[in-house]
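Just below is one structure, and these are the notes that go with it.
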Amino acid sequence: MSLPITSIYDAFVSELQRLGVFESVTKHEPKSAPGQGHSVAVMLASVQAEAANSGLNITSARITFWVRVTTNMVASPQDQIDPDMLKVVDLIYEAINGDFDLTTAGVRNVDLMGMRTETGYLPQDGKLYRSMVTTIPVIVNNV
């Protein structure tokens, strides 16, 4: 078996689109500014052997993705930007913990204990965007 990175990408994008809260869902680092709503990009962060789940005749891998949600920083009211972003990130956590189906992409499980979200800002095309990046590690067997 080989690494099913493309299949996992496709599954993430499909599941995120299904949430119905994003203006756009991409599988790459955006090269231009997002629109006025919430946008999300799924990007590969790292690939490594998963020693705890590997043995003499089998190797498992930890494939980590970044799911970055962005929104415009000039939205009004200003006090609603972070609460709205948190609702969207919460939907992602809830979906991954509940009904995300990545098994068809070859994923054994999502490492829920390894997930985390970091907040920041993204300057793009002369504008500032609020961003929240969720790190999502998935475990794949027999690679």
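The values are calculated or read from the model by the stated rules, or taken from the named source; none is laboratory data. Computed from a prediction, not measured in an experiment: that's the story for all the values here. Every residue, glycine among them, receives a Cβ derived from its backbone with ideal geometry; neighbour counts consider all protein chains shown. SASA here: full protein model, heavy atoms, side chains in, ligands and nucleic acids out. Shrake-Rupley method; radii C 1.70, N 1.55, O 1.52, S 1.80 Å.
The angle between the Cα long axis of helix 81-97 and the longest principal axis of the Cα atoms of the chain comes to about 20 degrees, rounded to the nearest 10. What is the Cα convex hull volume of the chain when expressed per residue in Å³? Per-residue hull volume (Cα only) is 101 Å³. The range 16-40 and the range 55-86 have Cα centres separated by 11 Å.
Take the Cα of E118, step 7 Å toward its Cβ, do the same at D99, and the gap between the two points is 3.2 nm.
Taking every alpha-carbon pair under 8 Å whose residues sit at least 6 apart, the range 31-87 reaches a relative contact order of 38 percent. Largest accessible area first, the listed residues T104, T119, T71 line up as T104, T119, T71 when surface is computed with a 1.4 Å probe on the assembled protein chains.
For R62, the accessible area of its heavy atoms, probed at 1.4 Å with every protein chain present, is near 40 square angstrom. Sorting Y93, Y9, Y129, Y121 on solvent-accessible area from highest to lowest, probe radius 1.4 Å, gives Y121, Y93, Y9, Y129. In this structure L102 has an accessible area near 10 Å², from a 1.4 Å probe over the protein heavy atoms. When V67, V47 are compared by accessible area at a 1.4 angstrom probe, the order from most to least is V47, V67. Taking the Cα centre of the chain as reference, the dipole from Cβ charges on Lys and Arg (+1) and Asp and Glu (-1) amounts to some 320 debye. When nucleic acids and ligands are ignored and a 1.4 Å probe is applied, D111 ends up with an accessible area of around 40 Å².
Return one number: the angle in degrees, 0 to 90 and rounded to the nearest 10, between the long axis of the Cα atoms of helix 5-19 and the longest principal axis of the Cα atoms of the chain. That helix lies at roughly 40 degrees to the long axis.
Seen from R130, the other residues with C-beta closer than 10 Å to its C-beta sum to a net charge of -2, counting Lys and Arg as +1 and Asp and Glu as -1.
Note: relative contact order over the chain, using C-alpha pairs below 8 Å and six or more positions apart, is 28 percent. Have a look at N57, N97, N109 and tell me which one the Gaussian network model of the chain (Cα, springs below 10 Å) gives the largest fluctuation. The residue that fluctuates most here is N57. Within the accessible area of the chain, the carbon and sulfur atoms contribute 52%, probe 1.4 Å, all protein chains present.
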